Amino acid sequence: MSYYIKPYSEPNGRIAMFRVVKRLRDFKPDNGTEYMVFRSKIEIQTAMFIDLYCGKDGKLVKLKDRSVLRF
């Protein structure tokens, strides 16, 4: 399984660049930056709710109070 990670930005365009990693710990995030994380290519296209992660001390931490709803 691979993880697809991209920085979250409010005005989301049609083109997105994802970083693909085997394990979440292989990704070194910037502190304070929010990221969207997907577990598969299918999830990128079909997920209604997207959990947001934040970079803290070189690790991704899931934000419990924030998520994105796509429609």
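The values are calculated or read from the model by the stated rules, or taken from the named source; none is laboratory data. Quantities reported herein were computed from a predicted structural model and do not represent experimental measurements. Using ideal geometry, Cβ is built from the backbone for each residue, glycine included, and neighbour counts are taken over all protein chains shown.
Do we find a residue being of a type in the set (Ser, Thr, Tyr), over 10 Å from the mean Cα position of the chain (by Cα), outside any strand (DSSP E or B) and modelled with pLDDT of 90 or more anywhere in the stretch 40-52? Scanning the stretch 40-52, I find at least one residue that is of a type in the set (Ser, Thr, Tyr), over 10 Å from the mean Cα position of the chain (by Cα), outside any strand (DSSP E or B) and modelled with pLDDT of 90 or more, so the answer is yes. What pairs come up if the first residue lies in the stretch 24-46 and is in contact (Cβ under 8 Å) with a residue 24 or more places away in the chain, the second is in a helix (DSSP H, G or I), and their beta carbons are under 8 Å apart, counting only those six or more places apart or on different chains? Close Cβ pairs (under 8 Å, with a partner that is in a helix (DSSP H, G or I)) amount to 37/24; 38/44. Among residues of the stretch 30-61 being charged (D, E, K, R) and out of contact with any Lys or Arg (no Cβ under 9 Å at 6 or more places or on another chain), the one that is surrounded by the fewest Cβ atoms within 10 Å (Cβ to Cβ) is 57.
If we keep just the residues of the stretch 13-29 that are within 13 Å of the chain's Cα centre (by Cα) and of a type outside the set (Lys, Arg), which is surrounded by the fewest Cβ atoms within 10 Å (Cβ to Cβ)? My answer is 17.
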